[in-house]
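Here is the structure we will look at.
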Amino acid sequence: MCHKFHVCIEWRRSDYCPFLCSSDSTYQACVTACEPPKTCQDGILRPLDPEHCQVLGEGCVCSEGTILHRHHSALCIPEAKCACTDSMGVPRALGETWNSSLSGCCQHQCKAPDTIVPVDLGCPDPRPESCPRFGEVALLLPTKDPCCLRTVCECDPDLCEAELVPSCRQDQTLIAGRLGDSCCTSYFCACGDCPDPIPECQEGEALTVHRNTMELCCPLYQCVCESFRCPQVQCGLGTALVEVWSPDRCCPYKSCECDCDTIPVPQCHLWEKSQLDEEFMHSVDNVCGCAKYECVKAPVCLSRELGVMQPGQTVVELSADGVCHTSRCTAVLDPLTNFYQINTTSVLCDIHCEANQEYQHPRDLAACCGSCRNVSCLFTFPNGTTSLFLPGASWIADCARHHCSSTPLGAVLVRSPISCPPLNETECAKVGGSVVPSLEGCCRTCKEDGRSCKKVTIRMTIRKSECRSHTPVNLVSCDGRCPSASIYNYNINTYARFCKCCREVGLQRRSVQLFCATNATWVPYTVQEPTDCACQWS
């Protein structure tokens, strides 16, 4: 009665006439009739009766976030499940998939609002057009997935043709099997088990078949040694490979033995020095305790023009314009190159040499400028003319002998007075000579006609029987003119005649080798030749 007059009274309690609601709804004592609960079917309600809206009611109201599925149903669901309703009246959300059969092989999906479509389970096609092998038929069998079937090809003997059985050789066995793309039984000849096992080849050997037995079921096998198949052993630094051959093996026994001489000695550059490789010395790879050297940068100066210089070393260069450049290797390290720095200073060498001199660079590399060195002798004659004489030249001037001598210090002019040799005019006349001035008038000398008695050398071939000298021999002889005269002697009242001959004063022996053609031998032969010649009485 209170509800009829629009008066809300909450009179129910849990222990006094309770109003039972489902778990997804709650009880409300006063509900306005003109404000019906929200459902999935809103929009299809008929207009409400105004008189009915005046009355209050009570009932179960859906929890927050849910609405009624139908007006006539008390089922509260999320609004998202209003898209579809399956055949069992269960609400479904958009895109939801569910089983529509007890086996689970039939499934449906809410594709769009109020649109339900069946779902394809993705089973493979169970019906191929034909089986791949001849004589087979296709059978459908269940798979692990109870909703799908698979196709199996089985052989049907009724489809096979009769097969001829071949006759096999003595070393063959008849085999029944299926060949190629047919499931039908075929017969062929195959090899059976061989009585002799295949040999096991050693290291480095290759298994080969004897040529004459290749067509047999049981060919003859043999092991052939091929040395290139032998394993290679790499020895470390300080060790050398040692091979020991055995007649029973194809490959030798290989081992690495200590041999420190196998470690190469590095060829260091001029700017490097050789030192022990400490890392290798303490390495586990150095099993033999060998010494290994490496090249490291040396504490030197390095220049592209001057090369390698030691600290404190000085190099001097003289340019074409007369400037002397002095380069000194310091002990200051250049951080860019890790070599010591080079300090260079320049000095102008203003040296003018005479006509008979030339500039000589200093022998000491540490010296800067050189000096003038005589290369010839400069001499002024009494008439005022000046000449240059090369070392070794001699000349006479002012009754003095001049000689341009070569010394370690250069060309030096040496002057010495002329000493005239003794002259015997009587002896000069006896030998047919004449007294003439010599040495530019400073002395007198006897001028012979060149035919006086003296030693002369004659080149001749010596022969003795069938032996002869292989080449002409130079022998000394006496030749020349000696005095002769016819003088009146009053004691005997006639002319006394005398003459001297050019003959040897003494003799010496000399041995000459002669070649004998008859027996192709060499024999010594002794000849005599004068030690000196003079005019003597005959």
Is there a quick way to get the dipole size of the chain? I mean about its Cα centre, with the Cβ of Lys and Arg at +1 and of Asp and Glu at -1; what is the value in debye to the nearest 20? 5740 debye
Could you state the orientation-averaged shadow area of the convex hull built on the Cα atoms of the range 281-426, in nm² to one decimal? 20.4 nm²
One checks the Cα atoms of the range 193-263 and finds Rg and Dmax, in Å, of 18.1, 58
Taking +1 at the Cβ of each Lys and Arg and -1 at the Cβ of each Asp and Glu, which of Gly384, Gly180, Thr115 sits farthest along the dipole of the chain towards its positive end, judged by Cα position relative to the Cα centre? Gly384
Given all pairs of different Cα atoms, what value in angstroms does the Kirkwood hydrodynamic radius of the range 353-512 take? 22.4 Å
If you build the convex hull over the alpha carbons only and average its shadow over all orientations, what do you get for the chain? Give it in nm² to one decimal. 94.4 nm²
Gained length - Ala29 relative to Ala190, 0.36 nm times residue gap less alpha-carbon distance: 48.3 nm
For Cα pairs less than 8 Å apart in space and 6+ apart in sequence, what is the mean separation divided by the residue count of the range 71-192, i.e. the relative contact order in percent? 14 percent
Residue by residue through the range 144-161, the couplings from Karplus 6.51 cos²θ - 1.76 cosθ + 1.60 with θ = phi - 60°, in Hz, x for Gly and Pro, are 4, 7, x, 8, 10, 10, 10, 9, 10, 8, 10, 6, 10, x, 5, 8, 7, 8
Let me see the P(r) profile for the range 442-538: every Cα-Cα distance counted, bins of 5 Å, each bin given as a percent of all pairs. 3, 11, 14, 13, 12, 12, 10, 8, 6, 4, 3, 2, 1, 0
For the range 341-421, what is the Kirkwood estimate of the hydrodynamic radius, computed as the reciprocal of the mean inverse distance between distinct Cα atoms, to one decimal in Å? 15.2 Å
The chain: calculated mean residue ellipticity at 222 nm from DSSP helix runs of at least 4, using -39500 (n - 2.57): -500 deg cm²/dmol
For Cys148, which sequence-distant residues (separation of 5 or more, or a different chain) have an amide H within less than 5 Å of its own amide H, given hydrogens modelled in the peptide plane? Thr143
For the range 268-321, what does the convex hull of the Cα positions come to per residue, in cubic angstrom? 82 Å³
Share, in percent, of DSSP beta bridges within the chain that are antiparallel, nearest 5: 95 percent
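Order the following by accessible area, largest value first: Asp120, Asp171. Probe radius 1.4 Å; ligands, DNA and RNA are ignored. Don't skip to the end; give the middle numbers.
On the way: Asp120 140, Asp171 60 Å².
Output order, biggest surface exposure first: Asp120, Asp171.
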So what is the relative contact order for the range 445-501, in percent, with contacts set as C-alpha pairs under 8 Å and at least six apart? 29 percent
Please compute the contact order of the chain in relative form: average sequence separation of alpha-carbon pairs under 8 Å and at least six residues apart, divided by the residue count, as a percent. 4 percent
How much length would be gained if the chain were fully extended between Tyr293 and Thr173, taking 0.36 nm per residue of separation minus their Cα-Cα distance, in nm to one decimal? 36.0 nm
Under the 7 Å Cα-to-Cβ spin-label approximation, Met214 and Lys454 lie apart by a distance in nanometres of 10.2 nm
Just want the answer: with Cβ charges of +1 for Lys and Arg and -1 for Asp and Glu, which residue in Gly506, Ser255, Val473 is farthest toward the dipole's positive end in the chain? Gly506
So what's the range 416-489 giving for Cα Rg divided by 2.2 N^0.38 Å, two decimals? 1.75
Which translational diffusion coefficient, to the nearest whole µm²/s, is obtained for the range 146-292 from the Stokes-Einstein equation, given a Kirkwood hydrodynamic radius over C-alpha pairs, 4 °C and 1.567 mPa s? 56 µm²/s
List the equivalent ellipsoid semi-axes of the range 115-226 in whole Å, largest first, each obtained as the square root of 5λ for an eigenvalue λ of the Cα gyration tensor. 50, 24, 10
For the range 65-145, what log10 I(q)/I(0) values come out of the Debye formula at q = 0.12, 0.14, 0.17, 0.23 1/Å, with one point per alpha carbon and no solvent? -0.53, -0.62, -0.77, -1.08
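The values are calculated or read from the model by the stated rules, or taken from the named source; none is laboratory data. These figures come from a predicted structure and were not determined experimentally. FYI the Cβ positions are ideal-geometry reconstructions off the backbone, even for glycines, and counts take in every protein chain you see. The accessibility values were calculated without ligands, DNA or RNA, using every heavy atom of the protein model including side chains. Shrake-Rupley method; radii C 1.70, N 1.55, O 1.52, S 1.80 Å.
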